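Undergrad: For reference, the structure I am asking about is given below.
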Amino acid sequence: MFSLVIPVYNEEKLIDELLSRTVASVESFASDYEIIVVDDGSTDRSLELLLQWRDNNSRITVMSLSKNFGHQAAFTAGLEYATGEIVAMMDGDLQDPPELLAEMYKRINSEDLEIVSGKKTGRRGSRNRNFLSALFHLFFKYIGEIKSMENAGNYSMMKREAVDALLTMKEKVRYLPGLRTFIGFRQGYVEFVRDDRYRGEPKMNFGRLFMLATDAIFSFSRFPIRLCLVLGTVGTLVFMVVGIYVLIAKVYGFAIPGWSSILLSIYFLGSIQLVFLGILGEYVYRSYKESQNRPVYFTRKIYSDRENKK
């Protein structure tokens, strides 16, 4: 059994193209398969169109979540429901070409690999988004505690043992590419140029991309808290030197009168403290989210033959 998980959110303009290309690609290498499309609380006709496809192809399973829980939560829902010995994840905006699945499937079977990820060698579309994405991956490569992500995102294929290992990690704030790399196993890559969105508006705007980047950094790097330590140490040393200079200036009578230097020092120290509080607040908030132990998602209904047999 081969399982493919695809999250969608308000994608009515490309559902037909997405599923027609995906079904054709999957059927080119797998005779026993399931395609699990997770409707992440869409408010347009996405669910209606997905159910029309399911009426014509019983191998398509539609999971309808109770609201929009986010990209990573939707992937998690699909992974937990998938039963395949090999499970793939693919974005639902056709920026990940479905035709690449055949090559990933070939590699994971012929090269004794347990995880194959799509490695982006370039991107079509917005130059600003491409630049920011490249900048993040370069930055994360040097500060992250996992060094082998290789510019890989969600697009990937895993054997069952890797999927089971991934699902044992129950973080509420999830960054699946990082978790997938963290679990280890034998991993390989298939290179591709990421396509521009087929139709519609991007759902991952700059705000959501920024939050996803912070999830990756705070989950897989000690850089933020170490930055606090470095800045605090540097600030302390600088003001020790300044303090000595001020005392000498007072003693020898060449101190410059006025309060500008004092106010500048107060503002500088206050700014550093606010940065520290913001970073510490992020860690406290994430610890609080984990301690709440709330489910990552809720399912409204699952449309599948498996559910009909119950």
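A short reminder: the numbers here are calculations on the coordinates, not readings from a lab. Keep in mind that this is a model prediction, so the values were computed, not measured. Neighbour counts run over all protein chains shown; Cβ positions are idealised from the backbone, glycine included.
Undergrad: Taking θ as phi - 60°, what are the ³J(HN,Hα) couplings along region 16-28 by the Karplus curve (6.51, -1.76, 1.60), each to the nearest whole Hz, with x for Gly and Pro?
TA: 4, 5, 4, 6, 5, 5, 5, 4, 4, 5, 5, 5, 6
Undergrad: So if I take the centroid of the Cα atoms in region 281-305 and the same for region 1-77, what is the distance between those two points in Å?
TA: Here the two parts' Cα centres lie 22 Å apart.
Undergrad: Once label points are set 7 Å from the Cα along Cα→Cβ at both Asn56 and Thr233, what is their separation, rounded to one decimal in nm?
TA: Roughly 6.4 nm, to one decimal.
Undergrad: With a 10 Å radius around each residue's Cβ, average the other Cβ atoms per peptide and rank 18-24, 7-13, 36-42, highest first. Intermediate results must be reported in sequence, preceding the final value.
TA: On the way: 18-24: 18.4, 7-13: 22.3, 36-42: 25.1.
Sorting 18-24, 7-13, 36-42 by mean packing, highest first, produces 36-42, 7-13, 18-24.
Undergrad: Between Ile244 and Glu290, what FRET efficiency follows from the Cβ-Cβ distance if R0 is 51 Å, with the result rounded to 0.05? Please report the intermediate quantities before stating the final value.
TA: Numbers: r = 45 Å, r/R0 = 0.88.
About 0.70, to the nearest 0.05.
Undergrad: So if we plug the beta-carbon distance of Leu167 and Lys106 into 1/(1 + (r/R0)^6) with R0 = 25 Å, what FRET efficiency do we get, rounded to 0.05? Let's see the in-between values first.
TA: On the way: r = 25 Å, r/R0 = 1.01.
Once rounded, the FRET efficiency stands at 0.50.
Undergrad: Label-point separation (nm) for Ile272 and Lys301, each offset 7 Å from Cα along Cα-to-Cβ?
TA: Modelled inter-label distance: 6.0 nm.
Undergrad: Same structure again: Are any of the pairs Lys119/Lys159; Lys119/Lys301; Lys170/Lys301; Lys67/Lys119; Lys159/Lys289 more than 27 Å apart by Cα-Cα distance, and if so, which? Before the final figure, lay out the partial values.
TA: Values: Lys119/Lys159 18 Å; Lys119/Lys301 34 Å; Lys170/Lys301 22 Å; Lys67/Lys119 31 Å; Lys159/Lys289 30 Å.
Flagged as over cut-off: Lys119/Lys301; Lys67/Lys119; Lys159/Lys289.
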